[in-house]
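Take a look at the structure set out below.
The values are calculated or read from the model by the stated rules, or taken from the named source; none is laboratory data. The structure displayed is predicted, hence computed values, not measured ones. Cβ atoms come from the backbone with ideal geometry, glycine included; neighbour counts cover every protein chain shown.
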């Protein structure tokens, strides 16, 4: 194992690292928007709103993310005539929609976990549906979403390596290119390197999401060490003030 060769190749990993971070952040932002949109739609009492969202979620979750990636990158330009200027855009859309569909169940479940008494109380004070959502439902549901969203964010980071399948040079693709120059005999140290890099990135995501969870719970007056899924009477009272 030539460690010096790996050290000398580190500058070549800078741009692929930025690509991996860009894909992860952009896909996560899209996934969050999709998750809230689909989560709210699947929580609706109206069948005309709930059914299309449910069909979309089940279709995305029931098909392979690799196939979806190839569809946006290669099939869509042929079938629908929609051509993306950059392959990375197709990767971001595919990953964002896929993980957004999964995360929508997190959103739906957290909304459903809000105590019914809170909704009844908000109706009693004549809150509009938007006020109920903004002032009562989301403030209480958001802290409960964060741990699951953190797990999906880390999974999305690891899935970002799939963009190498559509000719986007990320960390995984660069490790294969550099390590495969001599018939693949030098790939092990390069894959060991990016293994550590992915771990560091995942740790940063976990740390950031934990800080966000503590901040969200402090905003509701909940102790960060409190048992998950339980809201104190003080939280319920604060949700209506």
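The set of residues from the stretch 54-88 being loosely packed, with under 14 Cβ neighbours inside 10 Å and outside any helix (DSSP H, G or I) comprises 63, 64, 80, 81, 82, 83, 85, 86.
Every residue, every condition in (1) surrounded by 14 or more Cβ atoms within 10 Å (Cβ to Cβ); (2) within 22 Å of the chain's Cα centre (by Cα); (3) free of Cβ contacts under 8 Å to residues at least 60 places away in the same chain; (4) within 25 Å of residue 93 (Cβ to Cβ), yes or no:
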{"position": "145", "(1), (2), (3), (4)": "yes, yes, yes, yes"}
{"position": "168", "(1), (2), (3), (4)": "yes, yes, no, yes"}
{"position": "210", "(1), (2), (3), (4)": "yes, yes, no, no"}
{"position": "218", "(1), (2), (3), (4)": "no, no, yes, no"}
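Annotation note: of 89, 79, 106, the sole residue that is free of Cβ contacts under 8 Å to residues at least 12 places away in the same chain and over 22 Å from residue 162 (Cα atoms) is 79. Among the residues of the stretch 115-124, not a single one is out of contact with any strand residue (DSSP E or B) (no Cβ under 9 Å at 6 or more places or on another chain), assigned to a helix (DSSP H, G or I) and either under 28 Å from residue 202 (Cα atoms) or modelled with pLDDT of 85 or more (or both). Elements of the type helices (runs of 4 or more DSSP H) sitting completely within the stretch 137-241 and holding at least 3 residues that are at pLDDT 90 or above: these cover 138-159, 187-219. Surrounded by fewer than 14 Cβ atoms within 10 Å (Cβ to Cβ) and without any contact (Cβ under 8 Å) to a residue 60 or more places away in the chain: does that describe residue 49? No: the conditions fail for residue 49.
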